[in-house]
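Okay, structure first, notes after.
None of the figures in this text is laboratory data; all of them are computed from the coordinates on show. Computed from a predicted structure; not experimentally measured. Cβ placement follows ideal geometry from the backbone for every residue including glycine, while neighbour counts extend to all protein chains displayed.
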Amino acid sequence: MLKHYVNLGIRVVVICFVICVVALPASAKRKDDIVFLKNGDRLTGEIKGLQRGELRFKASYMSDAVSLDWSKVDRLQTRDKFMVFLTDGTLVTDFVRLTSASGNGNDNFVIGNAQDAFTVKQIDVLALRPVEARFWSQLEGSIDFGFNFTSGNDQYQTEFSASTTYRKGDHSITASVDSVFSGQTQGTSLSRKEFTLDYRKQLSRQWFVGGLFDLLSSDQQDLSLRTTVGGLAGRNLLQTERTRFSLFGGLAGTREHYSETLGQPRATNADAITGFDFNTFRFKTTDISSRVIVYPSLTVPGRTRLQATSDLKIEIFKDLYWGFHIYENFDSKPPVKADKNDLGISTSVGWKF
């Protein structure tokens with residue numbers, strides 16, 4: 001019965017999230033953007049976005065978008081609005097254009113129109129994302145599936161994970177699901193399921209606030225369900241076109257329910273939050289992302305929980321990649337006689353969108 005309500009709760013949260021986001025207004029994307037390259041070439045079509053030093057562009061005669069070296073772009077003209085991410089942490093949604101630079105030190109990227117416009121260096125533009133009317137076209141994320149089998153002891157493991165992020169102005173919402181099932185054909189099986197909803201709002205160039213909602217079930221730790229709701233504030237310490245590192249802290253409330261075989265212990269606790277996010281992109285084909293969150297308990301002296309995830313993604317072809325996933329859940333002082341650690345390592349094939 002509990003699992004039924006957990007699944008129902010997850011579906012309700014996801015549906016409400018989609019409905020709220022779809023209701024947000026946005027303008028239609030044009031297809032008459034012009035990009036001038038430093039070698040003299042001129043392209044007319046649609047700017048798909050800028051990320052990791054590559055400008056994604058698609059003309060009407062192209063079957064797929066192409067990647068242009070941002071440093072080789074001389075000028076661009078567009079009548080659309082873009083979300084502009086700068087290396088100092090600034091996030092602006094406005095009209096943009098790029099003018100020719102007579103020197104590397106000149107500010108030649110223009111944000112805004114008329115009197116409200118300001119300029120920055122081209123190399124200081126971290127990312128561009130078009131403001132489009134279609135909700136689905138504004139999502140970015142990934143889907144992974146992995147399967148391992150050992151014939152010697154008939155042991156198997158399956159993993160499914162998915163994550164998606166929606167951004168609107170200085171707001172962002174990330175939803176993720178991670179499910180692992182392992183066992184033996186003639187033996188016991190274990191499962192782990194987690195659903196996370198993360199909200200961030202950028203307050204200034206460096207500071208942000210947000211909230212998190214997390215549902216976790218782990219057979220390894222005899223945990224039927226842990227619900228965590230919290231608020232946090234953080235600071236971006238490093239933000240370049242290839243690397244981002246931020247620290248955050250806050251407060252959270254948790255509700256725990258352990259296995260029925262352990263007496264159905266239930267507890268509500270208050271925890272502090274401290275952690276970091278790290279993302280980097282290397283060699284044009286490799287993504288590394290990590291998140292570590294530590295929960296020192298405010299209601300149980302000496303108890304500290306840790307949740308950590310780390311992903312390595314290596315591009316196979318275009319948006320298809322080979323993935324390596326590591327997760328760790330640690331509880332220094334579980335309220336019942338259960339394992340302190342739940343550690344897992346898996347490989348998978350994934351797709352980015």
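Some points to look at:
- Footprinting exposure proxy ranking of V292, V84, fewest other C-beta atoms within 10 angstrom first, gives V292, V84.
- Working from Cα pairs under 8 Å separated by at least six residues, relative contact order for segment 256-325 is 23 percent.
- Measuring how big segment 257-353 is from its alpha-carbon positions, Rg and Dmax come out at 17.6, 52 Å.
- Extension gain, M62 back to K352 (0.36 nm per residue minus Cα-Cα distance, nm): 102.4 nm
- Calculated FRET efficiency, R42 to T240, Cβ-Cβ distance, R0 = 41 Å: about 0.90 to the nearest 0.05.
- If you take all other residues with their beta carbon under 9 Å from the beta carbon of D311, and give Lys and Arg +1 and Asp and Glu -1, the sum is -1.
- When each of R75, R282 is scored by the number of other beta-carbon atoms lying within 10 Å, the sequence from fewest to most is R282, R75.
- I123-R255 FRET efficiency (beta carbon distance; Förster radius 41 Å; 0.05 resolution): 0.30
- Relative to the current alpha-carbon distance between L306 and F145, full extension at 0.36 nm per residue lengthens the span by 55.5 nm.
- Among residues other than F208 with Cβ under 13 Å from its Cβ, the summed charge is +3 (Lys and Arg +1, Asp and Glu -1).
- Computed from point charges on the beta carbon alone (+1 for Lys and Arg, -1 for Asp and Glu), the dipole magnitude for segment 289-338 about its Cα centre is near 300 Debye.
- Per-bin percent of Cα-Cα distances, segment 33-130 [5 Å]: 3, 13, 25, 28, 19, 8, 3, 0
- Whole-number percent relative contact order across segment 33-130, with pairs defined as alpha carbons under 8 Å at least 6 apart: 25
- Distance between modelled label sites at Q77 and T274, nm, 7 Å Cα→Cβ extension: 5.5
- Remark: the T99-F160 segment gains 17.4 nm on full extension, using 0.36 nm per residue and subtracting the alpha carbon distance.
- Formal net charge of residues neighbouring D342 (Cβ-Cβ distance under 13 Å; K, R +1; D, E -1): -2
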